[in-house]
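S.K.: Below is a structure I'd like to ask you about.
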Ligand SMILES: C[S@@+](CC[C@H](N)C(=O)[O-])C[C@H]1O[C@@H](n2cnc3c(N)ncnc32)[C@H](O)[C@@H]1O
């Protein structure tokens, strides 16, 4: 998904292992924007920019202009879990929906999106919504994720242009 020279947004980036991976993969010609409530703990790099923010209240104006046309949006956003499956699913869904909204602001046509979500009753509807925005959507369960965990990743490949939300404020910025 990520190539040398790409611009990448990493939502829910603390403590920063994905940031480090992205920074090395995109190299000096690329750039990575990390957003989280908590600052990354990994060493700084010239191609890494951190925006401290609650993703649920982020607006397009807060995104730096260079990151308003990115190749890839990653979201590993996760709520603090309660152990109540329904509640954890709802909170994860809220974060995943906001990640998708953010992606529709900033992804280039043809760009890619990866989002973590805890499965539950509204999972299929979210997946269908994703399928209207991307040419292909796949479900991934990495080996590192515990088999009993309800966490999975949806990958949207090939962002469809007409789903990009034109934001006048963003265009003026
Ligand atoms: C599983 S961790 C991400 C790990 C990261 N991908 C890495 O490689 O180190 C999930 C992150 O989501 C962040 N998060 C949860 N809710 C958030 C919100 N509303 N706004 C911003 N970040 C949030 C948490 O602070 C946490 O750092």
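S.K.: Limited to segment 53-85, what total is found for residues that are within 14 Å of the ligand (Cβ to nearest atom), outside any helix (DSSP H, G or I) and closer than 25 Å to residue 155 by Cα?
M.R.: Matching residues across segment 53-85 total 15.
S.K.: Mind checking whether some residue in segment 99-114 is within 11 Å of the ligand (Cβ to nearest atom) and farther than 16 Å from residue 1 by Cβ?
M.R.: Yes, segment 99-114 contains at least one residue that is within 11 Å of the ligand (Cβ to nearest atom) and farther than 16 Å from residue 1 by Cβ.
S.K.: Now, a different point. Of 128, 135, which residue is at pLDDT 95 or above, farther than 18 Å from residue 68 by Cα, assigned to a helix (DSSP H, G or I) and away from the ligand (no atom under 16 Å from the Cβ)?
M.R.: Only one candidate qualifies: 128.
S.K.: I'd like the full set of residues that are more than 17 Å from residue 73 (Cβ to Cβ) and either within 10 Å of the ligand (Cβ to nearest atom) or touching a residue at least 40 places away in the same chain (Cβ under 8 Å) (or both), limited to segment 41-51.
M.R.: Selection gives 41, 42.
S.K.: Would you mention how many residues in segment 144-169 are modelled with pLDDT of 70 or more and part of a helix (DSSP H, G or I)?
M.R.: Selection size over segment 144-169: 3.
S.K.: Would you mind telling me which numbered condition in (1) over 17 Å from residue 1 (Cα atoms); (2) outside any loop (DSSP other than H, G, I, E, B); (3) touching a residue at least 40 places away in the same chain (Cβ under 8 Å); (4) within 11 Å of the ligand (Cβ to nearest atom) residue 91 fails?
M.R.: Only one criterion is unmet by residue 91, namely (3).
S.K.: With the requirement that a residue be more than 25 Å from residue 6 (Cα to Cα) and in contact with a helix residue (DSSP H, G or I) (Cβ under 8 Å, 6 or more places away or on another chain), what does segment 115-150 give you?
M.R.: Listed by number, the residues that qualify are 118, 119, 120, 121, 122, 123, 126, 129, 150.
S.K.: Residue under question is residue 88, and the condition is that it be modelled with pLDDT under 95 and surrounded by 17 or more Cβ atoms within 10 Å (Cβ to Cβ); does it hold?
M.R.: Spelling it out, residue 88 is indeed modelled with pLDDT under 95 and surrounded by 17 or more Cβ atoms within 10 Å (Cβ to Cβ).
S.K.: Moving on. Give segment 1-28 a look and list any residue that's over 22 Å from residue 137 (Cβ atoms), part of a loop (DSSP other than H, G, I, E, B) and either modelled with pLDDT under 95 or more than 8 Å from the ligand (Cβ to nearest atom) (or both), or say none.
M.R.: Selection gives 4, 5, 27, 28.
S.K.: From the list 107, 95, which residue is under 15 Å from residue 70 (Cβ atoms), modelled with pLDDT of 95 or more, out of contact with any helix residue (DSSP H, G or I) (no Cβ under 6 Å at 6 or more places or on another chain) and surrounded by 14 or more Cβ atoms within 10 Å (Cβ to Cβ)?
M.R.: 107
The values are calculated or read from the model by the stated rules, or taken from the named source; none is laboratory data. What you are looking at is a predicted structure, and each value in this text was computed from that prediction instead of being measured. Note that each Cβ is placed from the backbone with ideal geometry, even for glycine, and that neighbours are counted across all protein chains shown.
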